[in-house]
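The values are calculated or read from the model by the stated rules, or taken from the named source; none is laboratory data. All of these numbers come straight from a predicted model, not from anything done at the bench. Glycine also receives a Cβ, built like all others from the backbone with ideal geometry; neighbour counts cover every protein chain displayed. All accessible areas refer to the heavy atoms of the entire protein, side chains included, with ligands and DNA or RNA removed. Shrake-Rupley method; radii C 1.70, N 1.55, O 1.52, S 1.80 Å.
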Amino acid sequence: MDQHEPLSLNVPEPEVRPGGQPDFSSVKIPSAGAIRRPDVDEDPENMRDLAFGIIRVLNRNGEAVGPWAGTLTDGELRAGLEHMLTLRTYDARMMNAQRQGKTSFYMQHLGEEAVSCAFQQVLRQGDMNFPTYRQAGLLISSGYPLVTMMNQVYSNEADPLRGRQLPIMYSSKEHGFFSISGNLATQYIQAVGWAMASAISGDDKIAAAWIGDGSTAESDFHAALVFASTYKAPVVLNIVNNQWAISTFQGIARGGSGTFAARGHGFGIPALRVDGNDFLAVHAVGKWAAERARRNLGPTIVEYVTYRAGGHSTSDDPSAYRPKEESDAWPLGDPVLRLKAHLIARGLWSEERHKQLEAEVHDRVITAQKEAEAIGTLHTGRRPSPRDMFEDVYEEMPPHLIAQRHQAGY
Amino acid sequence: MARMTMIEAIQNALDISMGRDERVVVFGEDVGYFGGVFRCTAGLQKKYGRSRCFDTPISELGIVGAAIGMAAYGLKPCVEIQFADYVYPAYDQIVSEAARLRYRSAGGFTCPLVVRMPAGGGIYGGQTHSQSPEALFTHVAGLKVVVPSTPADAKGLLTAAIEDPDPVIFLEPKRIYNGPFDGHHDRPIVPWKKHEGGEVDENYYKTPLGKAAIRRQGEGLTVLAYGTMVHVAMAAVEEAGIDAEVIDLRTLVPLDTKTIMESVRKTGRCVIVHEATQTSGFGAELAAQVQAECFYHLEAPIMRVAGWDTPYPHSQEWDYFPGPARIIRALNAVMEA
């Protein structure tokens, strides 16, 4: 009989905890321009390496280099910077509004602005995002009114969702933004179904699914990959790896596997990793994946390597589980500063113009906030009627709900 | 008119619906090429093509989740869960997503979806092929729940469910797929094909959701039942020789309270019959509503006859299934009270 030591359980731990020195030496970062760009109809079997590198376009000097460069016009780049600044400013104002008791809850995007703001530019009118709570940049980049977003956050009378949803759980069919669920990952398979419906209907619209690193552990993620792979659905399967699922580091969902992107390999789905803080790289990879979907070549997995610089939400204190300096140590930098540096290096921008834009954006956000607050906030001003609570459960209100509405006094 | 089994009536409803509206798509495990393990989707793939009727991976979560996305796009998916017992992996998608999509998006996105599933026992299916999970769905705001008891209703109600703008859970009592069952498991069954109750209009029609059917008029007592139990209750009433009114609920949500309350106010007595386990079953909801609406008309306590609060056993199935003997005991007790 062989003798064995008693078994013990492996529980992954991040390399550093509060009080320690931030250390990202394990994040292998290829230089900008180093990763090849296959044709969109390349056999997935021949590009399995792309799930392990990090596609980057912007180098340390702010130059766009390599085969993924050149997908954006100057105007689109400037618009991207404006969208990211708007999202950051909006976040700051809404975080503050929550601290002032004007709403119950908020979730910011600090450090991740490039992911959603750049991706939205690869979509067309009629395409549909199935987002998580950290992709408001999709709305801002598509021109959704800030004041409407704030009305939703404040649950005031002009909230298009009539005070039923948590703040930040926006929804707009017209802007290609599917209603957000609090149950994680459910939207991933729904996006695949939506894309299948587009294919069934002979349409030309594509879907984009969004998920965080932690939620890839949900069964819905795996069901989505099975269906997307089986039916070659025209969908881009985005995974935003921002390193933290509340206090749980990404290694708990990932275990010992290579990368989140590599999970696509078992399904024969092309999988790419991209620098999520590089606006140009995000756009280039998103465009490549969207093109595959539009050409009926099937799904693509894109893992955005980024870092959640802020807390998970206004209810979270990240200093309790990670070093305070960790976000500054993130080796892929700040997406806003990197795009700004690129525009300046190209002679398309200047410090003065940047300051001017910051001031403009600030004014725009404040103006929207005043407009929203003039209508109401969670506890003050004009709010949706409790009568609204009974609407939209069904298209037509059934008798038992009418009776309950009357009991409630409406 | 033609005589059809409930399976044929369901297939007929799907066929007509797919023919009338190209947005209707049908999918699930084994439903495509083979036509489903119960054959409810037989021939549909051949007639409407693989993109409108197809097989899926074994993933109930995937089937319902994908169907929600399709419904949000604008299609009208009618999906099959092979047995109701398998619906639990899809439960979150049904209750947290399909049921609330219209509400949480204030009508921006809607979910016109039908989830069909064979339910109920009496086929030696053991504890994983016999469950009646209707109460799990009736508890969820935003869902409609339908249980037919005849081929004609199965066709009409399914057609209405497919055309309904909201998500519908459609529970098919598989014990009566091929013929009505009176609860006497040792008696031969008359198939629907040889039974006048198997008459189905071959043309398009709808049976409205939210309307109960009075299967037997009576003055002395009201029996509330649905699905297979309608037939068992009818047999029990006849055998007990009681002048009972038997109401087939057909739709549990929305519930036809008007028909129920009018009957109980008339008879003053009420027995509720369902196959599902008793505790927190739909019978509890019925009893509470009848008590609240008809208390001063009641001449006896409301009684429930239901499945025991155990998982569904295989070899002791006929001790578990609420048969005529148990129903008759309840009828007599209520009449004597």
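Odds and ends about this structure:
- Accessible surface buried upon A-B contact (total; probe 1.4 Å; Å², nearest 100): 3300
- Approximate spin-label separation B:Asp243-B:Tyr33, in nm, with each point projected 7 Å along Cα-to-Cβ: 6.1
- Mean separation of Cα contacts under 8 Å, 6 or more apart, over the residue count of the stretch B:2-200: relative contact order %: 26
- Contact order, relative form, for chain B: 17 percent (alpha carbon pairs under 8 Å, 6 or more residues apart, mean separation divided by residue count).
- Å² of accessible area per residue within the stretch A:44-379, as computed with a 1.4 Å probe and no ligands counted: 33
- Only Cα pairs under 8 Å and 6+ residues apart enter the sum, and on that basis the relative contact order of the stretch B:180-337 stands at 25 percent.
- Spacing of the two label points (7 Å from each Cα toward its C-beta) at A:Glu358 and A:Lys28, in nm: 3.8
- Chain A: Lys pairs at Cα distance under 21 angstrom, eight or more positions apart or on different chains: 6
- Straight Cα distances below 22 angstrom link B:Lys193 to the lysines B:Lys155, B:Lys174, B:Lys206, with same-chain residues fewer than 8 positions distant left out.
- Helix-only [θ]222 nm of chain B, DSSP H runs n ≥ 4, -39500 (n - 2.57) each, per residue, nearest 500: -9500 deg cm²/dmol
- Rg ratio for chain B: its Cα radius of gyration over 2.2 N^0.38 Å, N being its residue count, equals 0.96.
- By the compact-protein rule of thumb, 2.2 N^0.38 Å, the alpha-carbon radius of gyration of the stretch B:210-327 corresponds to a ratio of 1.00.
- Calculated P(r) of the protein assembly as shown - Cα pairs past 38 Å, %: 45
- Interface residues of the stretch A:384-400, defined as those with an accessible-area decrease of at least 40 Å² between the chain by itself and the complete set of protein chains (probe 1.4 Å), are A:Asp392, A:Val393, A:Tyr394, A:Glu395.
- In the stretch B:20-97, GluC sites (Glu not before Pro) in a DSSP loop with at most 13 other beta-carbon atoms within 10 Å: B:Glu22
- The ellipsoid that matches the Cα gyration tensor of the stretch B:2-200 has semi-axes, each √(5λ) in whole angstrom, of 27, 19, 15, with the longest given first.
- Using only the C-alpha atoms, the convex hull of the stretch B:95-160 corresponds to 95 Å³ per residue.
- Applying 1/(1 + (r/R0)^6) with r as the Cβ-Cβ distance of A:Arg48 and A:Ser104 and R0 = 45 angstrom yields a FRET efficiency of 0.50.
- Average projection area in nm² (convex hull over Cα atoms of the stretch A:121-163, one quarter of hull surface): 3.4
- Using the Cβ-Cβ distance between A:Thr248 and B:Arg216 with R0 = 60 Å, the FRET efficiency computed as 1/(1 + (r/R0)^6) comes to roughly 0.50.
- Dipole of the stretch B:207-337, positive end: most advanced residue of B:Tyr312, B:Val264, B:Thr228 [Cβ charges, Cα centre]: B:Val264
- Simple spin-label estimate for A:Glu371 and B:Tyr91 in nanometres, 7 Å along Cα-Cβ: 4.6
- Given R0 = 56 Å, the distance between the Cβ atoms of A:Ala329 and B:His314 translates into a calculated FRET efficiency of 0.40.
- Protection-proxy order for peptides A:124-133, A:193-202, A:359-368, each taking the mean of Cβ atoms within 10 Å per residue, highest first: A:193-202, A:124-133, A:359-368
- Beta-bridge orientation, the protein assembly as shown: approximately 20 percent antiparallel, per DSSP, counting only bridges with both partners inside.
- Summing +1 for each Lys or Arg and -1 for each Asp or Glu among the other residues whose beta-carbon sits under 14 angstrom from that of A:Val40 gives +2.
- For the stretch A:260-310 and the stretch B:1-79, distance of Cα centres in Å: 33
- Accessible carbon and sulfur surface of chain B relative to its total accessible area, %, 1.4 Å: 52
- Summing charges over all other residues whose Cβ lies under 10 Å from the Cβ of A:Asn242, with Lys and Arg as +1 and Asp and Glu as -1, gives 0.
- Where a label projected 7 Å from the Cα of B:Ile123 along Cα→Cβ would reach, residues of the stretch B:188-212 with amide N under 19 Å: B:188-194, B:198
- Global form of the stretch B:88-197, assessed from the alpha-carbon gyration tensor, a/c cut-off 1.5: oblate
- Global geometry of the stretch A:26-158, whether rounded, prolate or oblate, following the gyration tensor of its Cα atoms and the 1.5 cut on a/c: prolate
- Taken over the C-alpha atoms, the stretch A:44-379 has Rg and Dmax values of 19.0, 57 angstrom.
- Largest mean-square fluctuation among A:Ser385, A:Ser26, A:Ser257, in a Gaussian network model of chain A whose springs join Cα atoms under 10 Å apart, belongs to A:Ser26.
- Taking the accessible area of the stretch A:1-156, probe 1.4 Å, and keeping the other protein chains in place, the carbon and sulfur fraction comes to 47%.
- Buried on complex formation within the stretch B:83-111 (loss of at least 20 square angstrom of accessible surface versus the isolated chain, 1.4 Å probe, ligands and nucleic acids ignored): B:Asp92, B:Gln93, B:Glu97, B:Arg102, B:Tyr103, B:Arg104, B:Ser105, B:Ala106, B:Gly108, B:Phe109.
- Estimated at the nearest 10 Å², the accessible area of B:Glu8 is 70 Å² with a 1.4 Å probe.
- At least 40 Å² accessible surface lost relative to isolated chain, residues of the stretch A:195-228 (1.4 Å probe): A:Ala197, A:Ile200, A:Phe227
- The stretch A:285-410, Cα convex hull volume normalised per residue, Å³: 276
- When chain A is treated as a Gaussian network with alpha carbon springs shorter than 10 Å, the biggest mean-square fluctuation among A:Gln165, A:Gln120, A:Gln187 belongs to A:Gln165.
- Stokes-Einstein diffusion coefficient of the stretch A:248-311, Kirkwood radius over Cα pairs, 10 °C, 1.306 mPa s, in µm²/s: 122
- Per residue, the accessible area of the stretch B:213-336 comes to 40 Å², computed with a 1.4 Å probe over protein heavy atoms only.
- Ranked order, A:Glu396, A:Glu291 - accessible area, probe 1.4 Å, largest first: A:Glu396, A:Glu291
- Under a Gaussian network description of chain A, with springs only between Cα atoms under 10 Å, the residue in A:Ala92, A:Ala284, A:Ala261 that fluctuates furthest is A:Ala92.
- Stretched out straight at 0.36 nm per residue, the stretch from A:Val65 to A:Asp317 would grow longer than its current Cα-Cα span by 86.9 nm.
- Relative to the longest principal axis of the Cα atoms of chain B, the long axis of helix B:60-73 makes an angle of roughly 70 degrees.
- For peptide B:252-262, the mean count of partner chain Cβ atoms within 10 Å of a residue's Cβ comes to 2.
- For the stretch B:1-60, the Kirkwood radius over C-alpha pairs fed into Stokes-Einstein at 10 °C and 1.306 mPa s yields D = 138 µm² per second.
- Qualifying GluC sites (Glu not before Pro) for the stretch B:189-255 [loop in DSSP, other Cβ within 10 Å: at most 14]: B:Glu202, B:Glu219
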